[in-house]
Amino acid sequence: MKVCGVDLKGNEAVVSLLSLVDGMFHLPDCRVRRLTLADTSAKGLKSFQSTFAKLVADYKIDAVIIRQRQSKGKFAGSAIGFKLEAAIELIEGLNVVVMSPTDIKESLRRNPIAVPFSETGLKQFQETAFTSAYAWLMKNEYASQDSGEL
């Protein structure tokens with residue numbers, strides 16, 4: 001299974017690809033590390049959505065994991081970030097999961113990342129996207145194993 005972790009910051013979608021094959025993790029090369037929304041009009045959003053959909057199709061991504069942002073308070077996500085999230089969620093036929101920071105922390109607590117992030121070859125700004133993808137893959141992997149034992 002190949003997933004794309006997404007961390008939405010301002011007008012950017014930071015991405016990190018991660019796959020799990022036979023219990024082994026792989027970090028596929030990706031032509032982009034982030035997608036930027038330059039124009040917040042409907043035309044700009046459609047362009048962003050089309051670019052993201054092309055990325056998903058080109059890399060044969062099975063699911064997109066977006067780290068949930070707060071809707072209010074000091075660390076609330078921006079209005080543009082929520083537009084980006086909606087644009088991604090509305091891509092036809094795409095499995096999009098919005099994962100809460102609490103669920104991510106719980107999954108990481110149960111299944112810590114085996115290597116230091118600095119050794120992954122990813123850029124520091126991709127860490128949140130990577131950990132979101134990793135946490136979901138681990139949660140999904142163990143949920144499917146648990147259901148298979150019944």
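Determine the pairs where a residue that is more than 17 Å from Val3 (Cα to Cα) and touching a residue at least 24 places away in the same chain (Cβ under 8 Å), located within the stretch 89-118, has a partner that is exposed (fewer than 15 other Cβ atoms within 10 Å of the Cβ) and not β-branched (Val, Ile, Thr) with Cβ atoms under 8 Å apart, the partner being 6 or more residues away or on another chain.
Matching pairs, first to second residue: Arg110/Tyr142; Asn111/Tyr142.
Would the stretch 99-108 turn up any residue that is aliphatic (A, V, I, L, M) and farther than 23 Å from Lys139 by Cα?
no
Residue-wise test of (1) farther than 17 Å from Val14 by Cα; (2) out of contact with any helix residue (DSSP H, G or I) (no Cβ under 6 Å at 6 or more places or on another chain); (3) charged (D, E, K, R); (4) modelled with pLDDT of 95 or more.
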site	(1), (2), (3), (4)
Arg67	no, no, yes, no
Gly73	yes, yes, no, no
Gly77	no, yes, no, no
Phe82	no, yes, no, no
Ala86	no, yes, no, no
Pro101	no, yes, no, no
Arg110	yes, yes, yes, no
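What are the residue pairs meeting all of these: first residue in the stretch 47-67, first residue more than 16 Å from Leu18 (Cβ to Cβ), second residue β-branched (Val, Ile, Thr), Cβ atoms under 8 Å, and 6 or more apart or on different chains?
Gln49/Ile88; Gln49/Ile91; Phe52/Ile88; Phe52/Ile91; Ala53/Ile91
The values are calculated or read from the model by the stated rules, or taken from the named source; none is laboratory data. Treat the numbers as computed from the prediction; the structure is a model and nothing was measured. All Cβ positions, glycine included, derive from the backbone under ideal geometry; neighbour counts span all protein chains shown.
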